[in-house]
Amino acid sequence: MNHLLLLPICFCFAASLALGSEASRLPASDQRAKEVRTLNTLREFPDIKSRAEWEKRAKEIREHALVSCGLWPMPEKTPLQAQIFGRVERDGYAVEKVHIQTLPGFYLGGNLYRPLGRGQGPFPGVLNPHGHWKEGRMANTELGSIAARCISFARQGMVAFSYDMVGYNDTAQVDHKFASDPSNQLWNISLMGLQTWNSIRSLDFLESLPDVDKGRLACTGESGGGTQTFMLGAIDPRLKAQAPVVMVSHSMQGGCLCENAPGLRVDYSNMEIAAAPVPRPQILVAATGDWTKKTMTVEGPAIAQIYKLFNAEESFRHTIFDFDHNYNRTTREAVYGAFGKWLLNNPDPSSLKEATYAMEPVESLRVFPAGKWPEDALTESQLTSYLIERSKGQLDSLWPRNPKEVDKFKRAMESAWRHTLQVEFPDRGLIIEAGATTKVGEITKHVVHVGREGRGDRLPIVMLTPARDRLRVITILAHPNGRSAYLEDGGAPRGLAKELLARNHSVIVLDTFLSGELADAKADEARRKTTTYFTTYNRTDMQERVQDLVTACAFAQRHGKGRRVILCGSGRAGLWSLLAAPAADGVIADGDEFNSASDEALLQHDVFVPGLRKLGGFEGAALLAAPNPLLLHNTGEEFSTEWIERAYGGKSKLFRRESIKLADGPIADWIAGLNL
């Protein structure tokens with residue numbers, strides 16, 4: 001059994017059927033395609049029973065956020081080349097212009113506000129990402145002023161750094177619609193990923209300042225800046241405190257490209273992402289006039305329960321004010337009070353009221369007036385090319401050149417595989433409901449339905465057992481047409497199923513997502529028509545089908561009493577099988593003459609998986625199962641196997657590639673000849 005899949009295998013079939021009890025039952029039909037989720041779909045916070053349970057989930061949230069944003073493995077941090085200039089001194093604070101290079105040739109602009117008259121520090125440091133105000137970080141209205149809060153933080157004894165969203169003010173060398181081409185999703189390149197990287201590098205800049213205390217770093221922002229705040233808090237443990245304002249909601253999750261990385265909220269909502277840093281201090285500030293209006297009854301209490309598990313109730317606050325969407329003075333003063341306690345050890349919030357302020361003229365705050373960026377500033381196409389080459393470089397450093405280097409690749413990329421494919425090993429919560437058991441000649445036919453607790457799936461599975469079962473291997477046969485590809489109308493086996501049974505090997509056939517018994521033309525049409533952030537909230541067809549194969553492997557291993565599980569896919573199901581390879585003990589995959597180097601091919605509806613290229617494509621997934629037996633056939637000439645061949649040592653008997661499509665007999669012979 002593959003070491004990645006730690007499942008109990010000494011589980012008899014009769015006992016496994018007991019999992020389908022009244023307490024845990026499958027739905028009457030597969031529910032996964034019934035609803036296409038959007039950014040406005042209502043979300044529920046999970047029922048968490050223990051601190052250990054949350055710590056495990058928070059780790060998954062952190063990894064998932066990094067993978068979704070294209071930051072797993074974490075990229076190399078290149079020199080910031082920080083420039084600080086144009087200092088002016090005012091009453092109790094100084095303000096300066098700043099630009100840093102978060103990537104070589106990509107300039108992030110902002111302003112640095114420092115305390116005056118309070119000594120040399122070190123002072124707490126506060127990042128200030130802004131929301132979708134038309135004026136960006138220059139917004140200065142009654143509803144919201146970035147300058148007002150930065151000036152106030154500085155006067156209170158903190159260093160504040162305000163910086164641009166991509167496409168705003170001094171960071172407009174690329175547009176706020178950056179990476180909107182679907183092909184960018186193959187590399188997990190997104191506007192949200194770029195902005196999250198900018199926030200990480202802004203924190204690098206802030207903590208590098210000699211007058212900033214590295215142990216007292218915080219972040220606060222409103223709306224889209226609130227999204228950046230809780231994203232940074234989830235992935236970067238350096239933050240001591242955070243204050244996401246008017247953003248954390250069980251309803252609307254974020255309406256801009258910069259808030260919707262592919263895959264981010266399939267399983268997690270903003271509430272959970274915001275709770276990931278528990279027990280670090282946090283305050284949520286909500287408004288009655290926007291989507292955070294239920295913070296006092298829904299979002300706040302849900303997150304508070306997690307703080308309670310850590311005995312950290314004093315580290316969390318949530319409050320609401322009767323305003324429209326805002327970060328106004330009333331809201332700001334609530335944050336001042338919380339940060340004053342957590343960062344300044346000041347227990348008296350009344351001493352942290354906002355004094356009268358005057359924002360500097362916009363042109364005095366601008367870093368690159370009139371949009372005159374440095375000569376080496378990257379264009380959008382150059383930036384995209386750089387990010388792709390960066391990912392290729394990471395993969396190149398990880399690809400195993402020989403069998404001894406496979407484990408290094410697995411350690412780095414196993415999490416990337418799980419989060420990219422959006423799959424889980426159902427090591428608990430696997431539900432099995434038995435149907436009829438009949439005989440077809442000497443073949444015993446078991447019909448069961450299998451699913452995972454709370455996931456809405458219900459997989460129709462038929463298990464075929466020969467009279468003289470060799471008890472070594474169970475082969476799962478997957479096909480785009482489902483079970484019907486291997487069963488006659490009367491239920492008799494045909495094709496590869498018949499060949500394997502004739503060799504006394506048990507066989508499992510199933511219908512996967514939207515195929516066979518699960519086919520649903522209306523649901524399929526609805527999924528194809530929904531394009532706005534579809535992949536942020538929903539699994540693609542390919543991801544669902546790969547999960548179905550992982551679930552089927554879990555069922556087979558529980559039923560198999562120690563027998564090895566071989567996964568065999570025909571046609572496009574061969575591609576699913578390659579991506580599900582870490583769940584099996586061996587794979588036979590029909591390459592379907594697929595051109596794995598073609599973006600156009602990878603963007604097809606039934607193949608598309610965001611981040612697949614960054615994972616290393618089909619090769620990357622297959623290598624996570626090395627050195628398990630792998631037979632690839634019908635690859636044609638454009639299916640890459642270079643790294644697989646190196647990892648298996650070239651002439652290894654465990655790996656075989658055939659450019660032509662093999663007949664059922666030779667495939668069955670190969671399975672029968674495996675020394676497992």
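Of the residues examined, A497 is one that is without any contact (Cβ under 8 Å) to a residue 60 or more places away in the chain and crowded, with 22+ Cβ neighbours inside 10 Å.
Yes or no: F106 surrounded by fewer than 16 Cβ atoms within 10 Å (Cβ to Cβ), of a type in the set (A, V, I, L, M, F, W, C) and over 24 Å from A241 (Cβ atoms)?
Numbers: surrounded by fewer than 16 Cβ atoms within 10 Å (Cβ to Cβ): no; of a type in the set (A, V, I, L, M, F, W, C): yes; over 24 Å from A241 (Cβ atoms): yes.
In short, no.
What residue, among those in the range 163-181 that are over 25 Å from the mean Cα position of the chain (by Cα) and either in a loop (DSSP other than H, G, I, E, B) or of a type in the set (D, E) (or both), is farthest from V126 (Cα to Cα)? Filtering first and then ranking leaves Q173. Do you know which of the residues in the range 57-87 that are surrounded by fewer than 16 Cβ atoms within 10 Å (Cβ to Cβ) and closer than 20 Å to K410 by Cα is nearest to the chain's Cα centre (by Cα)? Restricting to residues being surrounded by fewer than 16 Cβ atoms within 10 Å (Cβ to Cβ) and closer than 20 Å to K410 by Cα, the top hit is K59.
If the requirement is being aliphatic (A, V, I, L, M), free of Cβ contacts under 8 Å to residues at least 24 places away in the same chain and over 24 Å from L239 (Cα atoms), which of these qualifies: A139, A172?
On the way: A172 fails: free of Cβ contacts under 8 Å to residues at least 24 places away in the same chain.
Only one candidate qualifies: A139.
Per the conditions (1) within 22 Å of M74 (Cα to Cα); (2) assigned to a loop (DSSP other than H, G, I, E, B); (3) of a type in the set (A, V, I, L, M, F, W, C), the sole criterion not satisfied by M296 is (1).
Residue by residue, here is whether (1) among the aliphatic types (A, V, I, L, M); (2) in contact with a Leu (Cβ under 9 Å, 6 or more places away or on another chain); (3) at pLDDT below 95 holds:
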position: L4; (1), (2), (3): yes, yes, yes
position: D30; (1), (2), (3): no, yes, no
position: E44; (1), (2), (3): no, no, no
position: K49; (1), (2), (3): no, yes, no
position: E53; (1), (2), (3): no, yes, no
position: E63; (1), (2), (3): no, no, no
position: T78; (1), (2), (3): no, yes, no
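Against the conditions (1) surrounded by fewer than 22 Cβ atoms within 10 Å (Cβ to Cβ); (2) over 29 Å from R494 (Cα atoms); (3) over 29 Å from the mean Cα position of the chain (by Cα), S640 satisfies every one except (3).
A count restricted to the range 542-584 and to residues that are at pLDDT 95 or above, among the basic types (K, R) and under 23 Å from G456 (Cβ atoms) stands at 1. The single condition among (1) assigned to a loop (DSSP other than H, G, I, E, B); (2) in contact with a strand residue (DSSP E or B) (Cβ under 9 Å, 6 or more places away or on another chain); (3) assigned by TED's automatic domain parsing to the domain that holds L365; (4) closer than 30 Å to S385 by Cβ that G109 does not meet is (1).
Find the strands (runs of 3 or more DSSP E) located wholly in the range 416-482 whose residues include 2 or more that are free of Cβ contacts under 8 Å to residues at least 60 places away in the same chain, and list them. Lay out the reasoning, then the answer.
Details: elements: 430-440, 443-452, 459-465, 473-478.
Those strands (runs of 3 or more DSSP E) span 430-440, 443-452, 459-465.
Give the residue, chosen from G560, G574, that is over 28 Å from the mean Cα position of the chain (by Cα) and either surrounded by 23 or more Cβ atoms within 10 Å (Cβ to Cβ) or not charged (D, E, K, R) (or both). On inspection, the qualifying residue turns out to be G560. Which pairs do you get when a residue that is within 16 Å of R32 (Cα to Cα), found in the range 526-537, comes within reach of a residue that is in a helix (DSSP H, G or I) and of a type outside the set (F, W, Y), reach meaning Cβ atoms under 7 angstrom, with the pair 6+ apart or on two chains? Close Cβ pairs satisfying both conditions: T535/Q185. N628: surrounded by fewer than 17 Cβ atoms within 10 Å (Cβ to Cβ) and modelled with pLDDT of 95 or more, yes or no? Taking the combined requirement at face value, the residue does not satisfy it. Among the residues of the range 444-474, those identified as among the small types (G, A, S), more than 20 Å from R494 (Cβ to Cβ) and surrounded by fewer than 21 Cβ atoms within 10 Å (Cβ to Cβ) are G454, G456. Checking each residue of the range 228-236 against the condition of being in contact with a strand residue (DSSP E or B) (Cβ under 7 Å, 6 or more places away or on another chain) and either outside the structural domain of K134 (by TED's automatic domain parsing) or among the aromatic types (F, W, Y) (or both) gives at least one match. The set of residues in the range 449-490 being of a type in the set (A, V, I, L, M, F, W, C) and farther than 22 Å from D585 by Cα consists of A467, A485, L487. For the range 411-466, the set of residues classified as in contact with a His (Cβ under 7 Å, 6 or more places away or on another chain) and farther than 25 Å from S484 by Cα consists of H419 only.
The values are calculated or read from the model by the stated rules, or taken from the named source; none is laboratory data. Please read all numbers here as calculations on a predicted model, not as lab measurements. A quick note on method: Cβ atoms are made from the backbone with ideal geometry, for glycine too, and the neighbour counts reach across all protein chains shown.
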